[in-house]
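Worksheet: the structure to be examined is printed underneath.
The numbers here are math on the coordinates, done by the rules we state, and not lab data. What you are looking at is a predicted structure, and each value in this text was computed from that prediction instead of being measured. Here Cβ is always computed from backbone atoms with ideal geometry, including for glycine, and neighbour counts include all displayed protein chains.
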Amino acid sequence: MKTALHQIAYQIGMHPTEMARLVQEGEITGEVPGGNPQSREAWVDLHSLRNFIQWRHDQKRLEEAMYLKAIRHIDRALRG
């Protein structure tokens, strides 16, 4: 499910530039036209983002509070 990159980035506590870098590196599925994370056309796939956050948590590279916040916001966006 596609969502605006800049909206979900701020909700989960990640800077849009960092998320755009992850998209460009292929860590998260999405698109960042012109390399501009603030673009209206910049998007990420929520399932891909959720899997990435889960993987980072499993690798102990994400604090528990940040993980729970991110998952809560992603799940809320997926529900609708």
Cleavage-rule hits, GluC sites (Glu not before Pro), the stretch 39-80, DSSP coil, Cβ neighbours within 10 Å at most 15:
Glu41, Glu63
Under the helix-only model (-39500 (n - 2.57) for each DSSP H run of 4 or more, divided by the residues of the chain), the mean residue ellipticity at 222 nm, to 500 deg cm²/dmol, is -17000 deg cm²/dmol
Sparse-neighbour loop sites [trypsin sites (Lys or Arg not before Pro); the chain; at most 13 other C-beta within 10 Å; DSSP]:
Arg40, Lys60, Arg61
Through the Karplus equation 6.51 cos²θ - 1.76 cosθ + 1.60, θ set to phi - 60°, convert the phi angles of the stretch 68-80 into ³J(HN,Hα) values in whole Hz; use x for Gly and Pro.
5, 4, 4, 5, 4, 5, 5, 4, 4, 5, 5, 6, x
Mean projection area, nm², convex hull over Cα of the chain
4.6
